[in-house]
Amino acid sequence: MLQSLKSRKLALFAGASLTLAAAALGASQASAQDTIKIGFSQSVTGPLAPNGKQALLGMEIWAEQVNKAGGLLGKKVELKYYDDKSQASEVPGIYTKLIDVDKVDLVVSGYASNQIAPAMPVVISKKKTFVTLFGLDINDKFKYSRYFAVIPTGQNTKGSFTQGYFNAAMKQSPKPTTIALTYADAEFSQNACEGARATAKKLGLKIVYDKAYPPPPKTTDFAPIVRAVKAENPDLVMICSYPLDSIGLVLAAHEVGLAPKMMGGAMVGLQATVFKDKLKSKLNGIVNYETWVPDKKQMYEGTEAFFKDYQAKAGAAGVDPLGYYLGGWGYAQMQVLEAGIKGSKSLNDDKIADYLKKATVKTVMGPIKFGNKGEWADDRMMTVQYHGITDAANLDTWRGMSYQTVVDPPSLATGNLIYPYDKAMTK
(Lines give C-alpha, C1' and ligand atoms only; values in the text may rest on other atoms or scores of the structure.)
Protein backbone atom coordinates (compact mmCIF):
# COMPACT_ATOMS: atom_id res chain seq x y z
CA MET A 1 0.00 0.00 0.00
CA LEU A 2 2.86 2.31 0.85
CA GLN A 3 4.40 1.59 -2.55
CA SER A 4 1.07 2.33 -4.24
CA LEU A 5 0.83 5.68 -2.46
CA LYS A 6 4.35 6.58 -3.54
CA SER A 7 3.53 5.64 -7.13
CA ARG A 8 0.43 7.86 -7.10
CA LYS A 9 2.47 10.79 -5.70
CA LEU A 10 5.14 10.33 -8.36
CA ALA A 11 2.49 10.18 -11.06
CA LEU A 12 0.87 13.36 -9.76
CA PHE A 13 4.29 15.09 -9.61
CA ALA A 14 5.18 13.95 -13.12
CA GLY A 15 1.81 15.10 -14.41
CA ALA A 16 2.23 18.51 -12.80
CA SER A 17 5.73 18.80 -14.25
CA LEU A 18 4.47 17.95 -17.70
CA THR A 19 1.67 20.47 -17.34
CA LEU A 20 4.10 23.19 -16.28
CA ALA A 21 6.49 22.29 -19.10
CA ALA A 22 3.67 22.37 -21.63
CA ALA A 23 2.51 25.72 -20.28
CA ALA A 24 6.03 27.11 -20.49
CA LEU A 25 6.41 25.82 -24.04
CA GLY A 26 3.03 27.25 -24.97
CA ALA A 27 3.97 30.63 -23.49
CA SER A 28 7.30 30.54 -25.34
CA GLN A 29 5.58 29.71 -28.64
CA ALA A 30 2.97 32.41 -28.05
CA SER A 31 5.74 34.89 -27.27
CA ALA A 32 7.56 33.92 -30.47
CA GLN A 33 4.35 34.29 -32.44
CA ASP A 34 3.91 37.79 -31.00
CA THR A 35 7.39 38.86 -32.11
CA ILE A 36 8.85 39.71 -35.53
CA LYS A 37 12.51 38.71 -35.49
CA ILE A 38 14.73 40.62 -37.94
CA GLY A 39 18.23 39.24 -38.40
CA PHE A 40 21.47 40.69 -39.74
CA SER A 41 25.23 40.79 -39.33
CA GLN A 42 26.88 44.06 -38.33
CA SER A 43 30.46 45.29 -38.00
CA VAL A 44 30.60 46.06 -34.29
CA THR A 45 34.35 45.51 -34.09
CA GLY A 46 37.15 45.90 -36.63
CA PRO A 47 37.91 48.73 -39.07
CA LEU A 48 34.30 49.10 -40.27
CA ALA A 49 32.94 49.43 -36.72
CA PRO A 50 32.86 53.27 -36.56
CA ASN A 51 30.29 53.18 -39.37
CA GLY A 52 28.63 49.87 -38.50
CA LYS A 53 27.95 50.88 -34.90
CA GLN A 54 26.27 54.16 -35.82
CA ALA A 55 24.07 52.31 -38.33
CA LEU A 56 23.20 49.85 -35.57
CA LEU A 57 22.11 52.64 -33.22
CA GLY A 58 19.87 54.02 -35.95
CA MET A 59 18.31 50.56 -36.36
CA GLU A 60 17.81 50.21 -32.61
CA ILE A 61 16.12 53.61 -32.38
CA TRP A 62 13.75 52.50 -35.13
CA ALA A 63 12.87 49.29 -33.24
CA GLU A 64 12.33 51.19 -30.00
CA GLN A 65 10.01 53.70 -31.66
CA VAL A 66 8.05 51.05 -33.56
CA ASN A 67 7.50 49.01 -30.41
CA LYS A 68 6.38 52.08 -28.47
CA ALA A 69 3.81 52.68 -31.21
CA GLY A 70 2.46 49.14 -30.92
CA GLY A 71 4.77 47.19 -33.19
CA LEU A 72 4.08 45.95 -36.71
CA LEU A 73 1.05 43.86 -37.62
CA GLY A 74 0.24 43.85 -33.91
CA LYS A 75 3.60 42.29 -33.00
CA LYS A 76 6.72 43.60 -31.31
CA VAL A 77 9.92 43.71 -33.38
CA GLU A 78 13.17 42.15 -32.18
CA LEU A 79 16.56 42.81 -33.77
CA LYS A 80 18.79 39.71 -33.81
CA TYR A 81 22.35 40.38 -34.92
CA TYR A 82 25.89 39.05 -34.66
CA ASP A 83 29.22 40.88 -34.97
CA ASP A 84 30.92 40.03 -38.26
CA LYS A 85 34.12 41.67 -36.94
CA SER A 86 34.47 43.59 -40.25
CA GLN A 87 35.43 40.26 -41.85
CA ALA A 88 33.59 39.18 -44.98
CA SER A 89 34.40 35.54 -44.21
CA GLU A 90 32.19 35.70 -41.09
CA VAL A 91 29.08 36.79 -42.97
CA PRO A 92 27.79 33.60 -44.72
CA GLY A 93 27.82 31.62 -41.48
CA ILE A 94 25.96 34.36 -39.65
CA TYR A 95 23.10 34.45 -42.16
CA THR A 96 22.89 30.67 -42.25
CA LYS A 97 22.57 30.63 -38.45
CA LEU A 98 20.03 33.46 -38.42
CA ILE A 99 17.77 31.72 -40.93
CA ASP A 100 18.23 28.02 -40.06
CA VAL A 101 18.87 28.11 -36.29
CA ASP A 102 17.42 31.37 -34.98
CA LYS A 103 14.48 31.12 -37.37
CA VAL A 104 14.27 34.87 -37.94
CA ASP A 105 11.26 36.09 -39.88
CA LEU A 106 13.15 38.57 -42.05
CA VAL A 107 16.73 39.61 -42.78
CA VAL A 108 18.43 42.87 -43.71
CA SER A 109 22.09 43.59 -44.33
CA GLY A 110 24.73 45.13 -42.15
CA TYR A 111 26.82 48.03 -43.42
CA ALA A 112 29.10 47.97 -46.47
CA SER A 113 29.59 46.32 -49.84
CA ASN A 114 32.28 43.98 -48.55
CA GLN A 115 29.82 42.54 -46.01
CA ILE A 116 26.75 42.46 -48.27
CA ALA A 117 28.26 40.55 -51.20
CA PRO A 118 29.11 37.39 -49.19
CA ALA A 119 25.61 37.33 -47.69
CA MET A 120 23.93 37.26 -51.08
CA PRO A 121 24.32 33.53 -51.92
CA VAL A 122 22.79 32.54 -48.57
CA VAL A 123 19.95 35.05 -48.82
CA ILE A 124 19.18 34.03 -52.40
CA SER A 125 19.18 30.31 -51.58
CA LYS A 126 16.68 30.97 -48.78
CA LYS A 127 14.57 33.25 -51.01
CA LYS A 128 14.57 36.10 -48.48
CA THR A 129 13.85 39.74 -49.28
CA PHE A 130 17.07 41.69 -48.64
CA VAL A 131 17.06 45.41 -47.82
CA THR A 132 20.75 46.38 -47.82
CA LEU A 133 22.76 49.30 -46.47
CA PHE A 134 25.41 51.02 -48.60
CA GLY A 135 26.23 48.22 -51.02
CA LEU A 136 27.63 49.51 -54.31
CA ASP A 137 26.16 47.71 -57.34
CA ILE A 138 26.13 44.38 -55.52
CA ASN A 139 23.13 43.06 -57.43
CA ASP A 140 24.73 43.56 -60.84
CA LYS A 141 26.20 40.07 -60.72
CA PHE A 142 23.33 38.38 -58.85
CA LYS A 143 20.28 40.01 -60.46
CA TYR A 144 18.15 38.97 -57.50
CA SER A 145 14.53 40.12 -57.67
CA ARG A 146 14.12 40.60 -53.90
CA TYR A 147 17.11 42.94 -53.46
CA PHE A 148 16.65 46.60 -52.40
CA ALA A 149 19.60 48.94 -51.90
CA VAL A 150 19.49 51.79 -49.40
CA ILE A 151 22.19 53.94 -50.97
CA PRO A 152 21.44 57.07 -53.05
CA THR A 153 23.35 56.03 -56.17
CA GLY A 154 20.58 55.88 -58.77
CA GLN A 155 20.92 53.80 -61.92
CA ASN A 156 24.54 54.67 -62.73
CA THR A 157 25.64 52.81 -59.64
CA LYS A 158 29.37 52.36 -60.18
CA GLY A 159 29.89 55.86 -61.53
CA SER A 160 27.72 57.64 -58.96
CA PHE A 161 30.32 57.98 -56.19
CA THR A 162 32.70 59.92 -58.43
CA GLN A 163 30.45 61.60 -61.02
CA GLY A 164 30.16 64.80 -58.98
CA TYR A 165 33.95 65.00 -58.69
CA PHE A 166 34.24 64.87 -62.48
CA ASN A 167 31.38 67.35 -62.93
CA ALA A 168 33.19 69.87 -60.73
CA ALA A 169 36.59 69.24 -62.34
CA MET A 170 35.43 69.67 -65.92
CA LYS A 171 33.92 73.10 -65.18
CA GLN A 172 37.39 74.49 -64.45
CA SER A 173 39.48 76.51 -66.89
CA PRO A 174 41.73 75.25 -68.26
CA LYS A 175 40.17 71.81 -68.02
CA PRO A 176 42.27 69.04 -66.51
CA THR A 177 43.66 66.51 -68.99
CA THR A 178 45.24 63.71 -66.94
CA ILE A 179 44.14 61.54 -64.03
CA ALA A 180 45.62 58.95 -61.65
CA LEU A 181 43.45 56.20 -60.18
CA THR A 182 44.39 54.33 -57.01
CA TYR A 183 42.06 51.97 -55.20
CA ALA A 184 41.84 49.17 -52.66
CA ASP A 185 41.60 45.63 -53.99
CA ALA A 186 38.15 45.15 -52.40
CA GLU A 187 34.52 44.96 -53.53
CA PHE A 188 33.46 48.57 -53.03
CA SER A 189 36.68 50.20 -54.19
CA GLN A 190 36.92 48.06 -57.31
CA ASN A 191 33.34 48.94 -58.28
CA ALA A 192 33.78 52.66 -57.59
CA CYS A 193 37.03 52.80 -59.54
CA GLU A 194 35.48 50.91 -62.43
CA GLY A 195 32.87 53.65 -62.63
CA ALA A 196 35.52 56.39 -62.37
CA ARG A 197 37.61 54.76 -65.09
CA ALA A 198 34.64 54.65 -67.47
CA THR A 199 33.81 58.31 -66.80
CA ALA A 200 37.42 59.39 -67.29
CA LYS A 201 37.56 57.67 -70.67
CA LYS A 202 34.23 59.17 -71.70
CA LEU A 203 35.55 62.65 -70.86
CA GLY A 204 38.78 62.09 -72.80
CA LEU A 205 41.04 62.24 -69.75
CA LYS A 206 44.36 60.44 -70.08
CA ILE A 207 44.81 57.84 -67.34
CA VAL A 208 48.47 58.02 -66.30
CA TYR A 209 48.25 55.72 -63.27
CA ASP A 210 45.76 52.93 -62.57
CA LYS A 211 46.71 50.48 -59.82
CA ALA A 212 45.14 48.66 -56.89
CA TYR A 213 46.77 48.09 -53.52
CA PRO A 214 46.03 45.38 -50.93
CA PRO A 215 43.73 46.87 -48.30
CA PRO A 216 44.84 47.13 -44.67
CA PRO A 217 46.18 45.30 -42.76
CA LYS A 218 48.19 44.05 -45.75
CA THR A 219 49.13 47.64 -46.64
CA THR A 220 50.21 49.87 -43.78
CA ASP A 221 52.66 52.24 -45.51
CA PHE A 222 50.93 54.34 -48.17
CA ALA A 223 53.87 56.62 -48.98
CA PRO A 224 55.19 54.39 -51.83
CA ILE A 225 51.74 54.48 -53.48
CA VAL A 226 51.57 58.27 -53.20
CA ARG A 227 55.12 58.70 -54.50
CA ALA A 228 54.27 56.57 -57.54
CA VAL A 229 51.20 58.71 -58.22
CA LYS A 230 53.15 61.95 -57.75
CA ALA A 231 55.80 60.79 -60.25
CA GLU A 232 53.13 60.81 -62.98
CA ASN A 233 52.22 64.44 -62.23
CA PRO A 234 48.47 64.03 -62.85
CA ASP A 235 46.01 66.92 -62.86
CA LEU A 236 43.47 64.83 -60.96
CA VAL A 237 43.98 62.15 -58.32
CA MET A 238 41.04 59.79 -57.84
CA ILE A 239 41.08 57.62 -54.71
CA CYS A 240 38.60 54.81 -54.04
CA SER A 241 39.22 53.55 -50.51
CA TYR A 242 37.89 52.28 -47.19
CA PRO A 243 38.40 54.09 -43.86
CA LEU A 244 41.88 52.98 -42.79
CA ASP A 245 43.40 53.42 -46.25
CA SER A 246 41.59 56.76 -46.70
CA ILE A 247 43.37 58.04 -43.59
CA GLY A 248 46.69 56.51 -44.62
CA LEU A 249 46.56 58.02 -48.09
CA VAL A 250 45.71 61.54 -46.87
CA LEU A 251 48.53 61.45 -44.32
CA ALA A 252 50.95 60.11 -46.93
CA ALA A 253 49.92 62.80 -49.44
CA HIS A 254 50.88 65.49 -46.93
CA GLU A 255 54.11 63.70 -46.07
CA VAL A 256 55.13 63.34 -49.73
CA GLY A 257 53.80 66.73 -50.85
CA LEU A 258 51.26 65.49 -53.38
CA ALA A 259 49.36 68.53 -54.69
CA PRO A 260 47.42 67.86 -57.90
CA LYS A 261 44.73 70.21 -59.12
CA MET A 262 42.08 68.05 -57.42
CA MET A 263 42.24 65.08 -55.05
CA GLY A 264 39.58 62.85 -53.50
CA GLY A 265 36.74 60.91 -55.05
CA ALA A 266 35.27 57.84 -53.35
CA MET A 267 37.04 57.86 -50.00
CA VAL A 268 34.99 56.07 -47.34
CA GLY A 269 35.64 57.20 -43.77
CA LEU A 270 36.07 60.92 -44.20
CA GLN A 271 32.37 61.32 -43.43
CA ALA A 272 32.76 59.93 -39.87
CA THR A 273 33.53 62.22 -36.95
CA VAL A 274 36.33 60.01 -35.59
CA PHE A 275 38.27 60.26 -38.85
CA LYS A 276 37.62 63.97 -39.29
CA ASP A 277 39.03 64.47 -35.81
CA LYS A 278 42.13 62.50 -36.81
CA LEU A 279 42.84 64.51 -39.97
CA LYS A 280 41.44 68.00 -39.19
CA SER A 281 43.32 70.60 -41.32
CA LYS A 282 44.69 67.86 -43.59
CA LEU A 283 41.16 67.49 -44.96
CA ASN A 284 41.32 70.95 -46.54
CA GLY A 285 40.92 70.88 -50.29
CA ILE A 286 39.80 67.28 -50.62
CA VAL A 287 36.77 66.77 -52.88
CA ASN A 288 34.81 63.70 -51.88
CA TYR A 289 31.42 62.03 -52.07
CA GLU A 290 28.73 62.47 -49.43
CA THR A 291 25.27 61.02 -48.96
CA TRP A 292 23.76 63.54 -46.54
CA VAL A 293 24.79 66.81 -44.89
CA PRO A 294 22.94 68.95 -42.30
CA ASP A 295 21.87 71.59 -44.79
CA LYS A 296 18.30 72.94 -44.69
CA LYS A 297 17.67 71.51 -48.17
CA GLN A 298 18.08 68.01 -46.76
CA MET A 299 15.74 68.16 -43.80
CA TYR A 300 12.84 65.82 -44.44
CA GLU A 301 9.92 64.68 -42.30
CA GLY A 302 11.35 63.36 -39.04
CA THR A 303 15.00 64.14 -39.87
CA GLU A 304 15.70 66.65 -37.11
CA ALA A 305 13.80 64.59 -34.52
CA PHE A 306 15.78 61.48 -35.41
CA PHE A 307 19.18 63.14 -35.08
CA LYS A 308 18.16 64.73 -31.79
CA ASP A 309 17.27 61.28 -30.46
CA TYR A 310 20.40 59.66 -31.92
CA GLN A 311 22.76 62.28 -30.52
CA ALA A 312 21.19 62.01 -27.08
CA LYS A 313 21.93 58.26 -27.08
CA ALA A 314 25.30 58.29 -28.88
CA GLY A 315 27.50 58.87 -25.83
CA ALA A 316 26.15 55.92 -23.85
CA ALA A 317 26.28 53.73 -26.96
CA GLY A 318 29.89 54.68 -27.66
CA VAL A 319 29.24 55.58 -31.28
CA ASP A 320 29.79 58.50 -33.64
CA PRO A 321 28.36 61.51 -31.75
CA LEU A 322 26.59 62.98 -34.79
CA GLY A 323 25.49 59.96 -36.84
CA TYR A 324 25.29 61.91 -40.08
CA TYR A 325 26.88 59.24 -42.27
CA LEU A 326 25.28 55.96 -41.18
CA GLY A 327 22.98 56.67 -38.23
CA GLY A 328 20.21 58.18 -40.33
CA TRP A 329 20.67 55.64 -43.08
CA GLY A 330 20.45 52.72 -40.63
CA TYR A 331 17.11 54.13 -39.48
CA ALA A 332 15.99 54.67 -43.09
CA GLN A 333 16.93 51.08 -44.00
CA MET A 334 14.49 49.82 -41.38
CA GLN A 335 11.85 52.32 -42.49
CA VAL A 336 12.00 50.69 -45.92
CA LEU A 337 11.43 47.24 -44.43
CA GLU A 338 8.65 48.67 -42.26
CA ALA A 339 6.95 50.10 -45.34
CA GLY A 340 7.15 46.70 -47.03
CA ILE A 341 5.57 44.95 -44.04
CA LYS A 342 2.82 47.51 -43.59
CA GLY A 343 2.15 47.92 -47.29
CA SER A 344 1.88 44.19 -47.94
CA LYS A 345 0.24 43.52 -44.56
CA SER A 346 2.48 40.49 -44.40
CA LEU A 347 5.78 38.95 -43.34
CA ASN A 348 5.89 36.99 -46.58
CA ASP A 349 9.11 37.81 -48.44
CA ASP A 350 7.47 37.67 -51.87
CA LYS A 351 4.68 40.03 -50.87
CA ILE A 352 7.07 42.50 -49.21
CA ALA A 353 9.30 42.53 -52.30
CA ASP A 354 6.34 43.03 -54.62
CA TYR A 355 5.20 46.03 -52.59
CA LEU A 356 8.64 47.67 -52.44
CA LYS A 357 9.09 47.39 -56.19
CA LYS A 358 6.15 49.75 -56.69
CA ALA A 359 6.28 52.00 -53.63
CA THR A 360 7.86 55.36 -52.88
CA VAL A 361 8.97 55.13 -49.26
CA LYS A 362 9.21 58.21 -47.06
CA THR A 363 12.27 58.12 -44.81
CA VAL A 364 14.19 60.54 -42.60
CA MET A 365 16.82 60.67 -45.36
CA GLY A 366 14.28 61.55 -48.04
CA PRO A 367 11.94 59.62 -50.36
CA ILE A 368 13.17 56.34 -51.84
CA LYS A 369 11.83 54.71 -54.98
CA PHE A 370 13.52 51.61 -56.35
CA GLY A 371 14.41 51.00 -59.98
CA ASN A 372 16.18 48.28 -61.90
CA LYS A 373 18.12 45.70 -59.91
CA GLY A 374 16.75 47.17 -56.70
CA GLU A 375 18.87 50.31 -56.92
CA TRP A 376 17.34 53.77 -56.53
CA ALA A 377 15.33 55.06 -59.47
CA ASP A 378 16.99 58.49 -59.09
CA ASP A 379 20.50 59.52 -58.07
CA ARG A 380 20.88 61.71 -54.99
CA MET A 381 24.63 61.43 -54.36
CA MET A 382 26.56 64.57 -53.50
CA THR A 383 30.11 65.84 -53.76
CA VAL A 384 31.57 68.13 -51.10
CA GLN A 385 34.84 70.01 -50.65
CA TYR A 386 36.43 70.50 -47.24
CA HIS A 387 37.96 73.91 -46.46
CA GLY A 388 38.84 76.35 -43.71
CA ILE A 389 39.52 73.63 -41.14
CA THR A 390 42.07 74.32 -38.40
CA ASP A 391 43.65 71.87 -36.00
CA ALA A 392 41.39 73.35 -33.32
CA ALA A 393 38.33 71.89 -35.08
CA ASN A 394 35.98 70.02 -32.75
CA LEU A 395 32.50 68.53 -32.57
CA ASP A 396 30.86 71.92 -32.99
CA THR A 397 32.78 72.32 -36.25
CA TRP A 398 31.63 68.98 -37.62
CA ARG A 399 28.05 69.57 -36.49
CA GLY A 400 27.43 72.22 -39.16
CA MET A 401 28.28 73.29 -42.70
CA SER A 402 31.04 75.86 -42.12
CA TYR A 403 33.85 73.47 -43.13
CA GLN A 404 32.25 71.84 -46.17
CA THR A 405 30.64 73.03 -49.38
CA VAL A 406 28.33 70.95 -51.54
CA VAL A 407 29.65 71.48 -55.07
CA ASP A 408 27.45 68.93 -56.89
CA PRO A 409 24.64 68.40 -57.83
CA PRO A 410 23.56 71.98 -58.62
CA SER A 411 20.17 71.42 -56.96
CA LEU A 412 21.86 70.80 -53.58
CA ALA A 413 24.95 73.00 -54.04
CA THR A 414 25.85 75.40 -51.25
CA GLY A 415 28.81 77.12 -52.95
CA ASN A 416 31.60 76.84 -55.51
CA LEU A 417 34.71 74.68 -55.78
CA ILE A 418 38.01 76.19 -54.61
CA TYR A 419 40.50 75.27 -57.35
CA PRO A 420 43.23 74.11 -57.55
CA TYR A 421 43.81 71.85 -54.54
CA ASP A 422 46.82 73.72 -53.11
CA LYS A 423 44.77 76.93 -53.01
CA ALA A 424 42.01 75.16 -51.08
CA MET A 425 44.56 73.71 -48.64
CA THR A 426 45.16 77.19 -47.26
CA LYS A 427 41.56 78.44 -47.21
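The values are calculated or read from the model by the stated rules, or taken from the named source; none is laboratory data. Only a predicted model underlies this, so the values are computations on that prediction, with no experimental measurement involved. Cβ atoms come from the backbone with ideal geometry, glycine included; neighbour counts cover every protein chain shown.
The set of residues in the stretch 371-386 that are buried (at least 24 other Cβ atoms within 10 Å of the Cβ) and among the acidic types (Asp, Glu) contains only Glu375. Restricting the stretch 275-304 to residues that are assigned to a helix (DSSP H, G or I) and without any contact (Cβ under 8 Å) to a residue 40 or more places away in the chain leaves a set whose member that is surrounded by the most Cβ atoms within 10 Å (Cβ to Cβ) is Leu279.
Regarding Thr182, is this residue closer than 25 Å to Leu236 by Cβ, polar (S, T, N, Q) and part of a strand (DSSP E or B)? Answer is yes for this residue.
Looking only at residues that are assigned to a helix (DSSP H, G or I) and among the aliphatic types (A, V, I, L, M) in the stretch 212-242, which one is farthest from the chain's Cα centre (by Cα)?
Ala231
In the stretch 237-255, the count of residues that are surrounded by 24 or more Cβ atoms within 10 Å (Cβ to Cβ), out of contact with any His (no Cβ under 9 Å at 6 or more places or on another chain) and more than 23 Å from Gln404 (Cα to Cα) is zero. Number of residues in the stretch 148-165 that are of a type outside the set (Val, Ile, Thr), within 14 Å of the chain's Cα centre (by Cα), closer than 22 Å to Val361 by Cβ and crowded, with 24+ Cβ neighbours inside 10 Å: the value is 2.
Checked against the criterion of being under 22 Å from the mean Cα position of the chain (by Cα) and either in a loop (DSSP other than H, G, I, E, B) or at pLDDT 95 or above (or both), the stretch 200-210 has no qualifying residue.
Under 7 Å by Cβ, and 6 or more places apart or on different chains, what pairs join a residue from the stretch 206-222 that is under 8 Å from Asp245 (Cα atoms) with one that is at pLDDT 95 or above and surrounded by fewer than 17 Cβ atoms within 10 Å (Cβ to Cβ)? As it stands, the answer is Pro215/Asp185, since those pairs meet every condition given.
Just one residue in the set Glu232, Glu187 is in the same structural domain as Val268 (by TED's automatic domain parsing), at pLDDT below 95 and charged (D, E, K, R); that residue is Glu187.
Residue-wise test of (1) in a helix (DSSP H, G or I); (2) surrounded by fewer than 20 Cβ atoms within 10 Å (Cβ to Cβ); (3) at pLDDT 95 or above.
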{"site": "Lys53", "(1), (2), (3)": "yes, no, yes"}
{"site": "Glu60", "(1), (2), (3)": "yes, yes, yes"}
{"site": "Glu64", "(1), (2), (3)": "yes, yes, yes"}
{"site": "Glu78", "(1), (2), (3)": "no, yes, yes"}
{"site": "Gly93", "(1), (2), (3)": "yes, yes, yes"}
{"site": "Gly110", "(1), (2), (3)": "no, no, yes"}
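Applying the criterion of being out of contact with any Ser or Thr (no Cβ under 6 Å at 6 or more places or on another chain) and aromatic (Phe, Trp, Tyr) to the residues of the stretch 395-421, the residue that is surrounded by the fewest Cβ atoms within 10 Å (Cβ to Cβ) is Tyr419. Within the stretch 312-343, being crowded, with 19+ Cβ neighbours inside 10 Å, out of contact with any strand residue (DSSP E or B) (no Cβ under 8 Å at 6 or more places or on another chain) and assigned to a helix (DSSP H, G or I) holds for Ala314, Gly327, Gly328, Tyr331.
When the stretch 358-378 is filtered for residues that are under 22 Å from Ala112 (Cα atoms) and in a helix (DSSP H, G or I), the ones remaining, listed by number, are Asn372, Lys373, Gly374. Residues that are buried (at least 20 other Cβ atoms within 10 Å of the Cβ), more than 15 Å from the chain's Cα centre (by Cα) and of a type in the set (A, V, I, L, M, F, W, C) within the stretch 120-147 comprise Met120, Val122, Val123, listed in sequence order.
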